[in-house]
Amino acid sequence: MNLHLLPPEIEKAHGDFAGHLEACADLDAVMRLKGAYLGRDGSFAARMIDILKAAPKEQKRELGAAINALKNKWEESLKARQSALEELRRQRAAQAQSWDATLPPPLPPRGALHPLTRLIDRLVGIFRPLGYHVEEGPEAETEAHNFDGLNIPEDHPARGSADTFYFKDHPKMLLRTHTSPVQVRVLKRLAPVIEQKGGVRFLAPGRVYRKDEIDPTHSPMFHQVEGMLVGRGIGMHHLKGTLDYAIKALFGPDAATRFRPSYFPFVEPGCEVDARCPLCGGAGCRVCKGAGWVEILGAGLVHPDVLKFAGIDSDTWSGFAFGMGIERIAMMVSQTPDLRLFFENDQRFLAAMGGLD
């Protein structure tokens, strides 16, 4: 189109045309725009007729071609917009005919607690009726609380930098390797009033850190739930009864427990506790590797040195402690083969874990 042959006002009208056309929200608006630009009574159509009449004879042919090309361009654009609006109207009519007014409106997706958080909440709920409350402690811990107060000797491998994250500028500070330092802090805080309270019992859930390589069963950050009870005359029979109750509450009334001797510096005697596989009922499966039992936690009677470090008379008071890995239980219950799935925030996986609690 030779728009340079047309007056500036017509060039400007052509420049504004696309915006006016896009603003047409219905067919009536398209028809009004068509009348304004192409109708006999429209100002632009009449103006172009006047321009053609006033043009010199030798320019009329070329000017007329430019005017016709411009009008054809407008006509094509109007038809395209009209077709698009008609198709949109047909789609809305079809949708209206298929719409069931009795159906509830669609709801947006809702957020939910992470499956590991729900499992921790469930464990806390199991122990609350037994009088346990929740205690928390810092994730950046002192060496004294993480090791010394738990009777862990200076030459123990866990104290090495190959296993533990130490702070470069504060060599006596570290990321806690277990939730057991909470035991030390709580016992030290309550030592002056333990006689008045008649003992103490609590849970300590939280994140812990170790220098493990990331693979399907290991992570440098994972979750534990620690439990402790201190009172008078506490023995292994109290520990066994408590854990047997908790595992039945977690896996069902048919669950059974098995205690195996084991060593932990902060308990004496120590044990590892197995549960009859809740997936195969002890018959043997992939999860329990055919054994019929799965390791759930470590436990034992609180070592007297742990009580002494907190300022509690170990001749008068005794207790038990236990600790479990949350990811281990979650993987077993959900038959998840890869620990990393719990940390990747894939919404498909998290939705599938809705039944974990």
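The values are calculated or read from the model by the stated rules, or taken from the named source; none is laboratory data. These numbers come from a predicted model, not from an experiment. Every residue, glycine among them, receives a Cβ derived from its backbone with ideal geometry; neighbour counts consider all protein chains shown.
Numbers at a glance
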| quantity | calculated |
| --- | --- |
| Residue ID - modelled with the lowest pLDDT, chosen from residues in the range 141-179 that are small (Gly, Ala, Ser) and surrounded by 14 or more Cβ atoms within 10 Å (Cβ to Cβ) | ALA158 |
| Subset of the range 196-232 that is among the basic types (Lys, Arg) and in contact (Cβ under 8 Å) with a residue 40 or more places away in the chain - its residue that is surrounded by the fewest Cβ atoms within 10 Å (Cβ to Cβ) | ARG232 |
| Residue match in the range 250-257 (condition: on the phi < 0 side of the Ramachandran plot and small (Gly, Ala, Ser)) | yes |
| Enumeration of residues in the range 152-198 that are in contact with a strand residue (DSSP E or B) (Cβ under 9 Å, 6 or more places away or on another chain) and aliphatic (A, V, I, L, M) | MET173, LEU174, LEU175, VAL182, VAL186, LEU187, LEU190, ILE194 |
| Residue, farthest from the chain's Cα centre (by Cα), within the range 226-269, restricted to residues that are aliphatic (A, V, I, L, M) and part of a helix (DSSP H, G or I) | MET236 |
| Enumerated helices (runs of 4 or more DSSP H) restricted to the range 282-357, each holding at least 2 residues that are assigned by TED's automatic domain parsing to the domain that holds GLU226 and within 19 Å of the chain's Cα centre (by Cα) | 326-334, 347-352 |
| Any hit, the range 281-293, residues being in contact (Cβ under 8 Å) with a residue 12 or more places away in the chain and buried (at least 20 other Cβ atoms within 10 Å of the Cβ) | no |
| Set LEU190, LEU239: member being free of Cβ contacts under 8 Å to residues at least 40 places away in the same chain and not β-branched (Val, Ile, Thr) | LEU190 |
| From the options ARG89, ARG81, residue that is assigned to a helix (DSSP H, G or I), assigned by TED's automatic domain parsing to the domain that holds PHE17 and crowded, with 16+ Cβ neighbours inside 10 Å | ARG81 |
| Subset of the range 102-129 that is free of Cβ contacts under 8 Å to residues at least 60 places away in the same chain and charged (D, E, K, R) - its residue that is nearest to GLY227 (Cα to Cα) | ARG128 |
| Matching entry among GLY300, GLY323 (being buried (at least 17 other Cβ atoms within 10 Å of the Cβ), of a type in the set (Gly, Ala, Ser), touching a strand residue (DSSP E or B) at 6+ places or on another chain (Cβ under 6 Å) and farther than 16 Å from LEU123 by Cβ) | GLY300 |
| Odd one out for GLU143, checked against (1) without any contact (Cβ under 8 Å) to a residue 60 or more places away in the chain; (2) more than 30 Å from PHE202 (Cα to Cα) | (2) |
| Matching entry among ALA275, ALA299 (being in contact with a Phe, Trp or Tyr (Cβ under 7 Å, 6 or more places away or on another chain), touching a residue at least 60 places away in the same chain (Cβ under 8 Å) and under 20 Å from GLY227 (Cα atoms)) | ALA299 |
| Any hit, the range 111-125, residues being surrounded by fewer than 16 Cβ atoms within 10 Å (Cβ to Cβ) and over 33 Å from the mean Cα position of the chain (by Cα) | no |
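Condition check ((1) under 26 Å from ALA246 (Cβ atoms); (2) in contact with a Cys (Cβ under 8 Å, 6 or more places away or on another chain); (3) acidic (Asp, Glu)) across all residues:
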residue: ASP121; (1), (2), (3): yes, no, yes
residue: PHE127; (1), (2), (3): yes, no, no
residue: GLY137; (1), (2), (3): yes, no, no
residue: PHE147; (1), (2), (3): no, no, no
residue: GLU154; (1), (2), (3): no, no, yes
residue: PRO157; (1), (2), (3): no, no, no
residue: PRO181; (1), (2), (3): yes, no, no
residue: VAL186; (1), (2), (3): yes, no, no
residue: ALA191; (1), (2), (3): no, no, no
